[in-house]
Amino acid sequence: MTTTPLLQRDAQSTAYRVAAMLIGIGTVHFLAPKPFDQIVPVELPGTPRFYTYASGVAEVATGALLVPRATRRLAALAAVALFVGVFPANVNMCRLWWGKPWPMRLVALARLPLQIPMITTALKIHRDS
């Protein structure tokens, strides 16, 4: 696929923004793991901390791989898989927070549709890189 320099710059800029987001939130999984532990579905085998750390590693690694152009296309697909993979935790967060005050419920609910633009952005990075 041939892309124009402007399209390549746009894809790079978008990739850098998604990379920064993933590396940042992935790092928080290690610095403050408890909130992440609390939304891991209890139905999953193993400990919540395992999933918190595993998703943190996946986020940091995917973010790092989005930066170099050579790995960007594959990393963008990994980002799609990651965004789909963490969706059950976001659904579980809604379930767990349903009895909390409305502002907290709205935050939990807002996370669900936000997965869609995150996935479509990762697909756009893949397509344009």
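The values are calculated or read from the model by the stated rules, or taken from the named source; none is laboratory data. Model, not experiment: these values are computed from the prediction. Neighbour counts run over all protein chains shown; Cβ positions are idealised from the backbone, glycine included.
Numbers for the structure displayed
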item: Residue that is within 28 Å of Gln8 (Cα to Cα) and crowded, with 20+ Cβ neighbours inside 10 Å, where the choices are Ala76, Ala70, Ala64; result: Ala76
item: In the stretch 11-32, residue surrounded by the most Cβ atoms within 10 Å (Cβ to Cβ) [restricted to those that are of a type in the set (Val, Ile, Thr) and more than 18 Å from Thr120 (Cβ to Cβ)]; result: Ile23
item: Only listed residue being among the polar types (S, T, N, Q) and in contact (Cβ under 8 Å) with a residue 60 or more places away in the chain, chosen from Ser129, Ser55; result: Ser129
item: The stretch 96-129, residues that are assigned to a helix (DSSP H, G or I) and of a type in the set (S, T, N, Q); result: Gln115, Thr120, Thr121
item: Subset of the stretch 1-36 [under 16 Å from the mean Cα position of the chain (by Cα) and of a type in the set (D, E, K, R)]; result: Arg17
item: Residue in the stretch 14-35 that is modelled with pLDDT under 95 and not acidic (Asp, Glu) present; result: yes
item: Close pairs from the stretch 81-101: first without any contact (Cβ under 8 Å) to a residue 12 or more places away in the chain, partner among the β-branched types (Val, Ile, Thr), Cβ under 9 Å, at least 6 apart; result: Ala81/Thr62; Trp97/Ile39; Trp97/Val107
item: Sole exception among (1) exposed (fewer than 14 other Cβ atoms within 10 Å of the Cβ); (2) in contact with a helix residue (DSSP H, G or I) (Cβ under 8 Å, 6 or more places away or on another chain); (3) at pLDDT below 95 for Leu106, by number; result: (2)
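Yes or no, residue by residue, for (1) β-branched (Val, Ile, Thr); (2) without any contact (Cβ under 8 Å) to a residue 24 or more places away in the chain:
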residue: Ala11; (1), (2): no, no
residue: Leu22; (1), (2): no, no
residue: Asp37; (1), (2): no, yes
residue: Thr47; (1), (2): yes, yes
residue: Val60; (1), (2): yes, no
residue: Ala78; (1), (2): no, yes
residue: Leu109; (1), (2): no, yes
